[in-house]
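Structure first, then comments.
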Amino acid sequence: MHFLSTANFPKAEMDQLIESALRFKSGSDQSKPLAGRSVALVFFNPSLRTRASMQIGVYELGGNAVVLEPGGNSWTLEHRQGAVMDADKTEHVAEFVRVLGRYCSAVGVRTFAALKDWECERVDPILNAFAKYSEVPIINLESAMHHPCQALADMMTIREKLGEGRKKVLLSWAWHPKPLPMAVPNSFAVAAAQMGHDLVLAHPRGYELDNELMNTIKEQSSDAGGSIHVTSDIEQAFEAAEVIYAKSWGSRNFYGAPEKDIAERAQYRGKWIVDEQKMARTNDAIFMHCLPVRRNVIVTDGVIDSASSVVIDEAENRLHVQKGLMAVLMGGV
């Protein structure tokens, strides 16, 4: 069983993963389900929280992490089916991942969107190539479209800070000097809908999420008894919210043309930022962000350094949810 997106996991299973993570965090579960086993971690892109939390998580579960960086400490990889490999790629994923499966009990893979071809990247070609050929579980450590481990940690943090049950959650676009991938907002919105929260999605016109993904979000929300509201009114969006999640992302309208996106977003600087005035409109909301975050661009110092900010707890929870996830995927619990 692969873990590519939370959308394929029923709410009951997500609840079980979060409960497992809470047990690992409290210390009530000190099992070592990965004793004598290895997990490969493949990083096409740099990482701090994902790399550190996965390596430490594997170790704390009794296992061994094997970190690989294609083009750095391993061969450059081709993922396209039928590719004629007469250029710069030296090994195909078909061989790469199946060999790792003979050594390791699972493979984590992280690859960002290149922000060049929307129609290609929206179907996660690299991640899905790994899943296609692998005989062991593939764990998505962030892809072009999804970051499910981050979303699990986010849901765990909301439950930990505010208790179980339905919350009013705002996912707010924020100004950033350059366009960023959509993986984090995509996964947060899906997971919040799955958990039955009342989700407000705020962004300027032109920065809509993928249409098919929005259909999934609406279906998940309906099934879980939550609600979805989309708005471009940044001030009103904060009204009575209990959770503020800030994240920037690029526009599909300018995919492959970052200079046009940069010009378009310039008008939103100073307005689409989480500041003290907006937080005052909330219902004593907690502030969340996946990190790294640009201070006084995405969020003011006054907010991120306040008692409302849970970003460090949220980052810590990456370790615990990933331990719970690996224990379940690899048959340890």
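The values are calculated or read from the model by the stated rules, or taken from the named source; none is laboratory data. Since the model is a prediction, treat every value here as computed from it, not as a measurement. Neighbour counts run over all protein chains shown; Cβ positions are idealised from the backbone, glycine included.
General remarks:
- Checking Gly36, Gly57, Gly63 one by one, the residue that is in contact with a Ser or Thr (Cβ under 8 Å, 6 or more places away or on another chain) and either free of Cβ contacts under 8 Å to residues at least 24 places away in the same chain or more than 21 Å from Asn128 (Cα to Cα) (or both) is Gly63 and no other.
Residue by residue, here is whether (1) over 16 Å from Phe24 (Cβ atoms); (2) within 16 Å of the chain's Cα centre (by Cα); (3) without any contact (Cβ under 8 Å) to a residue 24 or more places away in the chain; (4) surrounded by fewer than 20 Cβ atoms within 10 Å (Cβ to Cβ) holds:
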{"residue": "Lys271", "(1), (2), (3), (4)": "yes, no, no, yes"}
{"residue": "Val274", "(1), (2), (3), (4)": "yes, no, no, no"}
{"residue": "Ile286", "(1), (2), (3), (4)": "yes, no, no, no"}
{"residue": "Ile298", "(1), (2), (3), (4)": "yes, no, no, no"}
{"residue": "Val303", "(1), (2), (3), (4)": "yes, no, no, no"}
{"residue": "Ala307", "(1), (2), (3), (4)": "yes, no, yes, yes"}
{"residue": "Val310", "(1), (2), (3), (4)": "yes, no, no, no"}
{"residue": "Gly331", "(1), (2), (3), (4)": "yes, no, no, yes"}
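Matching residues to (1) of a type outside the set (Asp, Glu); (2) surrounded by fewer than 20 Cβ atoms within 10 Å (Cβ to Cβ); (3) more than 24 Å from Ser308 (Cβ to Cβ):
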residue	(1), (2), (3)
Glu208	no, yes, yes
Glu212	no, yes, yes
Lys218	yes, yes, yes
Gly226	yes, no, no
Val230	yes, yes, yes
Ala246	yes, no, no
Asp261	no, no, yes
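- Boolean, Val321 is farther than 30 Å from Ser105 by Cα and either among the aliphatic types (A, V, I, L, M) or over 21 Å from the mean Cα position of the chain (by Cα) (or both): no
- Selection count where residues are closer than 25 Å to Arg166 by Cα, part of a loop (DSSP other than H, G, I, E, B) and touching a strand residue (DSSP E or B) at 6+ places or on another chain (Cβ under 8 Å), scope region 276-300: 5
Results for (1) assigned to a strand (DSSP E or B); (2) of a type outside the set (Lys, Arg); (3) modelled with pLDDT under 95; (4) under 20 Å from Pro148 (Cα atoms), shown as yes or no for each residue.
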position: Ala246; (1), (2), (3), (4): yes, yes, no, yes
position: Asp261; (1), (2), (3), (4): no, yes, no, no
position: Ala266; (1), (2), (3), (4): no, yes, no, no
position: Gly302; (1), (2), (3), (4): no, yes, no, no
position: Ile312; (1), (2), (3), (4): no, yes, no, yes
position: Val321; (1), (2), (3), (4): no, yes, no, yes
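- Counting the residues of region 3-23 that are outside any helix (DSSP H, G or I) and modelled with pLDDT of 95 or more gives 3.
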